[in-house]
Amino acid sequence: MSDIQTVIRRDVLLAPYTTFRIGGPARFFAEPVSIDEFEDCIGWALDRGIQFFILGTGANILVSDAGYSGFVIHTGRLDRIEVEGTDLRAECGAQVDRLVDKSLEFSLTGLEFAAGLPGTLGGALFMNAKAFGGCFADVVYSVETLTARDNILKNRMLRKSELEFSYKRSVFQQRTCFIERAVLSLSHGSKERIRTLIEENRSARKKRGHYRYPNAGSIFKNDYGVGKPAGQLIDETGLKGTRIGDAEVYTKHGNFIINRGNATAWDVYSLIRLVRERVAERTGIVLETEIILTGDWKET
């Protein structure tokens with residue numbers, strides 16, 4: 001193990017590392033520059049019994065105002081992408097939109113659905129990110145992982161059949177293995193057709209106002225057994241525009257909560273609870289959160 005102490009920083013504010021622009025400080029923080037260094041960071045935390053969290057672009061999470069008393073490992077510099085035939089091989093911190101651009105460069109089709117998604121490859125696999133009728137379960141071939149059991153680290157290659165993908169779920173949510181690299185299996189296609197689909201999907205996101213204010217994407221999961229998406233249920237309950245502090249149920253998308261400028265994590269969390277209670281009162285449906293609460297919430 002290298003001297004990982006040299007890359008660990010203390011008391012780093014997490015708000016700039018999240019799409020909500022919300023969150024207190026991490027007690028320990030590191031940005032590994034290689035997979036080996038990433039493994040060393042995890043080993044360092046395990047050796048000391050320190051809780052750790054893997055952070056990509058910070059989409060789909062809400063970090064407590066109190067911060068995180070453990071070790072945050074940020075994957076932003078683990079962003080290498082390679083193309084081999086019709087396969088994309090990339091590190092966990094590669095941004096999804098860069099993967100989409102790379103697929104266009106090589107006339108590879110299959111990733112158009114992901115155009116405009118704000119996360120990293122690791123986060124997209126963790127949540128089996130879905131958009132415009134596609135999801136990452138459709139394109140992943142294999143994932144190189146690091147497993148941690150009884151403080152022993154082992155590398156393991158997982159095939160698609162072992163990833164336990166379902167709606168917004170994957171094996172990685174058990175938090176016993178961590179994504180290092182992945183291979184996405186695509187196919188050759190018309191470059192102009194690929195470009196058109198990418199532009200259409202990015203334009204649709206822009207028109208819906210996805211980028212106008214800091215947010216973490218969809219707050220609640222859709223229950224397809226209900227027959228209506230969560231955003232429609234929230235809209236029909238009359239909650240669009242509802243605010244607590246600077247957190248607001250977005251007027252352009254009922255399943256988004258936006259940060260109007262100075263929202264706290266507690267503002268957002270309180271608004272999540274309010275929305276869930278109101279929808280349950282009106283419809284009897286209890287919405288399940290998609291967003292992940294991260295940090296020291298007991299202290300808030």
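Values in this text are rule-based calculations from the coordinates and carry no lab data. As the structure is a computational prediction, the values presented were derived from the model and not from experiment. Positions of Cβ are generated from backbone atoms using ideal geometry, with glycine treated the same way; all protein chains shown enter the neighbour counts.
How high is the FRET efficiency from D79 to A280, r the C-beta distance, R0 45 Å, rounded to 0.05?
That gives a FRET efficiency of 0.65.
Could you give the dipole magnitude of the chain about its Cα centre, charging the beta-carbon of Lys and Arg +1 and that of Asp and Glu -1, in debye to the nearest 20?
My answer is approximately 880 debye.
Along each of the three principal axes of the Cα atoms of segment 125-195, give the extent in whole Å, ordering the values from largest to smallest.
Largest to smallest, the principal-axis extents are 50, 22, 18 Å.
Compute the relative contact order of segment 91-163 as a whole-number percentage, counting only Cα pairs closer than 8 Å that sit 6 or more residues apart in sequence.
Taking the mean separation of contacting Cα pairs over the length of segment 91-163, I get 24 percent.
Scaled to the compact-protein estimate 2.2 N^0.38 Å, what is the alpha-carbon radius of gyration of segment 4-74, rounded to two decimal places?
Expressed relative to 2.2 N^0.38 Å, the Cα Rg reads 1.04.
Using only the alpha-carbon atoms of the chain, report the extent along each of the three principal axes, biggest first, to the nearest angstrom.
Result, largest extent first: 54, 52, 32 Å.
With only alpha-carbon atoms counted, please give the Rg and Dmax of segment 230-299, in Å.
Cα only, segment 230-299: 11.9, 35 Å (Rg, Dmax).
When the chain is modelled as a GNM with alpha-carbon springs shorter than 10 Å, which of T109, T283, T237 fluctuates the most?
Sorting by GNM fluctuation, first place goes to T283.
Taking a 30 Å limit on the Cα-Cα distance, which of the listed pairs K102/K240; K160/K191; K160/K240; K168/K206; K102/K130 fall beyond it?
Beyond 30 Å between Cα atoms: K102/K240; K160/K240.
Starting from the Cα of K160, step 7 Å along the direction of its Cβ; do the same at K252; then give the gap between the two resulting points in nm.
3.4
Normalise the Debye intensity by I(0) for segment 37-110, one equal point scatterer per Cα, no solvent, then take log10 at q = 0.16 Å⁻¹ and round to two decimals.
Values returned for q = 0.16 Å⁻¹ are -0.71.
With only Lys, Arg, Asp and Glu charged, each at its Cβ (+1 for the first two, -1 for the last two), find how big the charge dipole of segment 230-299 is about the Cα centre; round to the nearest 20 debye.
180
Residues of segment 100-134 with amide nitrogen under 13 Å from the 7 Å Cα-to-Cβ point of S187?
From segment 100-134, the list is 108-111.
Got the relative contact order for segment 230-299 handy, in percent, Cα pairs under 8 Å and 6 or more residues apart?
RCO, segment 230-299: 25 percent.
At 0.36 nm per residue, and after removing the present C-alpha to C-alpha distance, how many nm does the segment from L13 to L293 gain when stretched out fully?
Once the chain is fully extended between L13 and L293, it gains 99.2 nm.
If Rh is defined by the Kirkwood formula over all Cα pairs and Rg also comes from Cα, what ratio Rg/Rh do you get for segment 115-256?
Looking at segment 115-256, the ratio lands at 1.03.
Using helices alone, I'd like the mean residue ellipticity at 222 nm for the chain: each DSSP H run of four-plus residues gives -39500 (n - 2.57), total over residue count, nearest 500.
-7500 deg cm²/dmol
Search the structure for amide H atoms under 5 Å from the amide H of E248, placed 1.01 Å from N in the peptide plane, and list their residues when 5 or more places away or on another chain.
The list, which skips near neighbours in sequence, is I258, R260.
At 10 °C and a viscosity of 1.306 mPa s, what translational diffusion coefficient does Stokes-Einstein give for segment 34-172, taking Rh as the Kirkwood radius over Cα pairs? Give it in µm²/s as a whole number.
The calculation lands on 99 µm²/s.
Do you know the relative contact order of the chain, to the nearest whole percent, from alpha carbon pairs under 8 angstrom that are 6+ apart?
Once normalised by length, the contact order is 18 percent.
For segment 182-296, take the convex hull of the Cα atoms, compute a quarter of its surface area, and give me that in nm², please.
Mean orientational projected area (segment 182-296, Cα hull): 9.9 nm².
Please name which of L14, I4, V72 has its Cα lying farthest along the dipole of segment 4-74 towards the positive end, using unit charges on Cβ (Lys, Arg +1; Asp, Glu -1) and the Cα centre as origin.
So the residue furthest toward the plus end is L14.
Using Cβ contacts closer than 10 Å as the measure, can you line up S69, S187 from fewest to most?
The order, fewest Cβ neighbours first, is S187, S69.
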